[in-house]
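The values are calculated or read from the model by the stated rules, or taken from the named source; none is laboratory data. Because the structure is predicted, anything quoted here is derived from the model rather than measured. Cβ: placed from backbone, ideal geometry, glycine included. Neighbour counts: every protein chain shown. Just so you know, the surface numbers come from the protein's heavy atoms only, side chains and all, with ligands and any DNA or RNA stripped out. Shrake-Rupley method; radii C 1.70, N 1.55, O 1.52, S 1.80 Å.
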Amino acid sequence: MSIKAQYRGIATGIVSVASVFGAIPQANAFDFKISGQVSRAIIGVDNGEDQDVGFVDNHASNTRFGFSGSQDINPDYSIGFEYVLGIGDNQSSDFDVNQSPGGVGLQNRQANVFIKGNYGKFTLGKQDGAANSTSKVDFSGLTDLGGGTVVKDYFGNVSFLADDGTVGTTIGNVYDSFDALSRQNAIRYDTPSFGGLTFSASFDEDQAYEFAPRYKGEFGNGIKFEAAADYVDSGQQNETVLQDGTTTDGGDFQEYGGSASVLLPSGLNFTGQYKRRDYDNMVYTNGEEMDSAQTYFGGVGYIFGKNHVQALYGHTDDLYNDGSEADNYGIAYRYDLMEAVNMYASYHHLTADHLDLEGGDAQDINVIFAGVRVKFF
């Protein structure tokens, strides 16, 4: 078949698909909006030997700029797009004591198109994988703003030092919230809501896939409840795949668990999270086989007026080596100067035990993390 004939076949197929949804209005332009945020923070760290302060971009909710839009095809269907760039300078997740600031953090966060209708939503392109944020269900309002499960995004590159002062390993190598595969080049499907229950599935790059049910509901006495769960297979994302199909290096993991939160009419809220990863063909840095790791989190919060506060505790087992443990004790506060301006401050005390470090046990780390996020629409 000639190249022209192939193009004619592709064009015919596109026209056939378009006809399923009805004629697209030719005279109407896309409705779109510009949105984004500036998200800056101050981080102060005491690693047991020295102290340092950094002026950073909050990587958990970083500075970004984007476009989004949609257009009705007919009364039952719409088509749309989303394009978002993260543009924060000196990401908080790169900070460490006595290290030079990082460079510009240009990141393609979203670049996708979607079709949405009574049947649900299909999305193609760079996007959140189906299970992304299943570790972050939290009514406290402090997730990504000093509280919640996302310590690795706040300051995951800060190093634990051994007793002799040598660098042991980073917080991110010991403590994690296991929040699926984050942004992926993927195809994703989200069902309509069935009484507050939705299901999402995505097939991601490198033969990974994610599945996540979510529930959101409100009871008659004003109690709000939300929960999410996941199952993830990382496929070949940690492997080097050769053209003949053979693989080298890395391995894969399967993740499952979820998080849930409840908000009472008084403003009191409770959050819990549990995730586990089972590993195949993966090893620790010491060469031992990596079997599984787990993490869990609990938070108690209170919302009054424009104020949010949360006391939190998180724990991760077996991530750095078999038997390793890491704990995060913290308290976080947020004040909403206005709807689009969030000011926050938090304190974290982190410990790590039973690490295989040559220099002895890991010293405790204390962190103050505070900042301002300003959104524009």
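Are any of the residues in region 144-159 modelled with pLDDT under 95 and on the phi > 0 side of the Ramachandran plot? Among the residues of region 144-159, not one is modelled with pLDDT under 95 and on the phi > 0 side of the Ramachandran plot, which makes the answer no. Here N157 fulfils each of the conditions (1) open to solvent by less than 40 Å² (accessible area, probe 1.4 Å); (2) in contact with an Asp or Glu (Cβ under 6 Å, 6 or more places away or on another chain) apart from (1). F139 falls short on exactly one of the conditions (1) of a type in the set (F, W, Y); (2) surrounded by 18 or more Cβ atoms within 10 Å (Cβ to Cβ); (3) in a strand (DSSP E or B), and that condition is (3). Checking each residue in region 152-186 for being over 11 Å from the mean Cα position of the chain (by Cα), outside any strand (DSSP E or B) and either closer than 25 Å to F199 by Cβ or hydrophobic (A, V, I, L, M, F, W, C) (or both) picks out F155, V158, I171, V174. Looking across region 187-211, the residues that are in contact with a Gly (Cβ under 8 Å, 6 or more places away or on another chain) and either in contact (Cβ under 8 Å) with a residue 60 or more places away in the chain or assigned to a strand (DSSP E or B) (or both) come down to R188, Y189, D190, T191, P192, S202, D204, A208, Y209, E210. Under the condition of being touching a residue at least 60 places away in the same chain (Cβ under 8 Å) and not in a strand (DSSP E or B), the residues counted in region 288-316 number 0.
Could you run through region 241-265 and say how many residues are open to solvent by less than 70 Å² (accessible area, probe 1.4 Å) and either at pLDDT 70 or above or part of a loop (DSSP other than H, G, I, E, B) (or both)? Total satisfying the criteria: 16.
Can you spot a residue in region 160-168 that is charged (D, E, K, R) and under 26 Å from T285 (Cα atoms)? Yes, because at least one residue in region 160-168 is charged (D, E, K, R) and under 26 Å from T285 (Cα atoms).
Scanning region 177-229 for residues that are touching a Ser or Thr at 6+ places or on another chain (Cβ under 6 Å) and of a type in the set (D, E) yields a total of 4.
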